[in-house]
Amino acid sequence: MKDPLAYLMRPIPRNLFRILLVAYLLLRLYMATLPGYVNDVQSYKRWALGTAISGVSAAYETTGVDYPPLFLYVLWGLGKAYLIVAEPTAAGNVPDSVLLTFLIKSPHLVFDLLLGAALYWIVGRSGLWGPDRSGAGWGRLVAAIYLWNPAVLFGSAYWGQPDGIHSFLAVVSVALLGAGRLAGSGALLAMAALMKPLAAPLVPLLAATAALRGRLPGFVAAGSGGLLAALVSFLPFIVSGRIVGVLRKVIFDVEAMPFTSVNGHNLWWLIGSWQNANAPLLGPLTPKQIALFLFGCAYLALLARSAAWLRGDGLDDVVYRARIFRLAAATTATFFFLSTHMHENHLFMALPLLLAVAGRDVRGPWLVAGCSAALLVNMALHDPLLPHALPFGLSASSPFGDPHLGRPYTWLQVFGSFFNTLLAGAVACGAYAAAWRTPRG
């Protein structure tokens, strides 16, 4: 029996793609005016205006920002643009508006479009879906699948989460890594991690690939690219003499919400969400330590199994690049499922990584569909408004309390999150298995 998802795998004609793209832009422009996940969007507004007024170098002292510095440069420009039309009052307050919401969400649209373009290039021009699925039509298909993905529309367009930024940088970094451009890959991966630390688990993959394929010169090139990008990112804080305090804040802000699961549907959601990740659980071992041990073992096993082919000897270039993407997707999905501190949207980066190689075999589209569903359901079930605004009794309260919002979970949230955790686990296992099945030689 033919795989049912194969019926959807068809190249998209140019004119149809143009219609889809125009409709998409209109939809995204409208969604950029919606309040989204209000608490986070308001924080981004506060950081943008505070950075624009006090300067980037003082942002960590004046705005309460808990992101690495790359996002600050984006927010600084947005804040400066808004202050042109909305000057502070005599009391120093800057009025909020729909325009400010639109500006805060505008980089998400730009980077989603860039990520769609990157996937177009990876599939349509580089042929990562295989020789039978290469060309512009297939590139348009993968770009449309990403852009119109309900999880992308919900998380990026509606909620206003900037996951498309670090995901774009990480995807291009992986593409450069597979092509042997190690300095560029190191620089972009450092930028991705300095946008959001969720890209940091890909660093060992970069280091191992650079060392095995490029030997010492390749390892030095990748490291130099990363260090140079980090140095440039922190330059305003170095020049202003604030670098020590900023580094301390960037490193320790990872513990800003030190819980086993911050609504992320993963292993720790099943074991017990919203528990102290630094409190002893198994003897002296904390959940955070157990999670890092499990992920580290899985990661080392995968890298050890892949070591022979990572050298690239005798491999076709396209096959090598596809294998690198499979390793990156497995790393990202496994990290989400095994790690503590995970939020609702932290599976996002796995989606474009899986899409890059989705057309190479029959399992690829199913992994993309599963990842999309798990990501969308994870966010929708923990939206501040949606779970309690559904008809037909779907918003009926359960006896279980939501420690984050201080209200009962609905029964749909209780059962939905349980089954969605199983789906997220299946996606992580599937992505890991796809990378593990890769021949050693």
Helices (runs of 4 or more DSSP H) within the range 96-179 that include 3 or more residues over 15 Å from the mean Cα position of the chain (by Cα) and either of a type in the set (F, W, Y) or surrounded by fewer than 24 Cβ atoms within 10 Å (Cβ to Cβ) (or both): 98-120, 136-147
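Identify, from the list T332, T340, the residue that is part of a loop (DSSP other than H, G, I, E, B), among the hydroxyl-bearing types (S, T, Y), in the same structural domain as C297 (by TED's automatic domain parsing) and buried (at least 24 other Cβ atoms within 10 Å of the Cβ). Reasoning before the result, please.
Details: T332 fails: part of a loop (DSSP other than H, G, I, E, B).
From the options T332, T340, the qualifying one is T340.
Taking into account only those residues within the range 185-211 that are among the hydrophobic types (A, V, I, L, M, F, W, C) and over 12 Å from G226 (Cα atoms), which is farthest from the chain's Cα centre (by Cα)? Step through it out loud before you land on a result.
Residues of the range 185-211 that are among the hydrophobic types (A, V, I, L, M, F, W, C), as a first pass: 187-195, 198-200, 202-203, 205-208, 210-211.
From what's left, over 12 Å from G226 (Cα atoms): 195, 198-199, 202, 205, 208, 210-211.
Details: M195: 10, L198: 7, A199: 7, L202: 12, L205: 17, A208: 22, A210: 23, A211: 26 Å.
Looking at the filtered set, the residue picked out is A211.
Would you check which residues across the range 398-432 are aliphatic (A, V, I, L, M) and in contact (Cβ under 8 Å) with a residue 40 or more places away in the chain and list them?
We begin by selecting, within the range 398-432, every residue aliphatic (A, V, I, L, M); these are 405, 412, 414, 422-424, 426-428, 431.
Hits for the range 398-432 are L423, A424, A426, V427, A428, A431.
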Matching residues in the range 47-70 - criterion: being closer than 21 Å to I84 by Cβ and either buried (at least 21 other Cβ atoms within 10 Å of the Cβ) or touching a Gly at 6+ places or on another chain (Cβ under 7 Å) (or both): W47, A48, L49, G50, T51, A52, A59, T62, T63
Matching residues, the range 14-46, being in a loop (DSSP other than H, G, I, E, B), buried (at least 17 other Cβ atoms within 10 Å of the Cβ) and of a type outside the set (F, W, Y): A32, G36
Suppose the filter is crowded, with 16+ Cβ neighbours inside 10 Å, outside any helix (DSSP H, G or I) and over 15 Å from the mean Cα position of the chain (by Cα); does Y409 pass it? yes
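The values are calculated or read from the model by the stated rules, or taken from the named source; none is laboratory data. Just so we're clear, the structure is a prediction, and the values are computed from it rather than from any experiment. With ideal geometry, Cβ positions are generated from the backbone for all residues, glycine too; neighbour counts draw on all protein chains shown.
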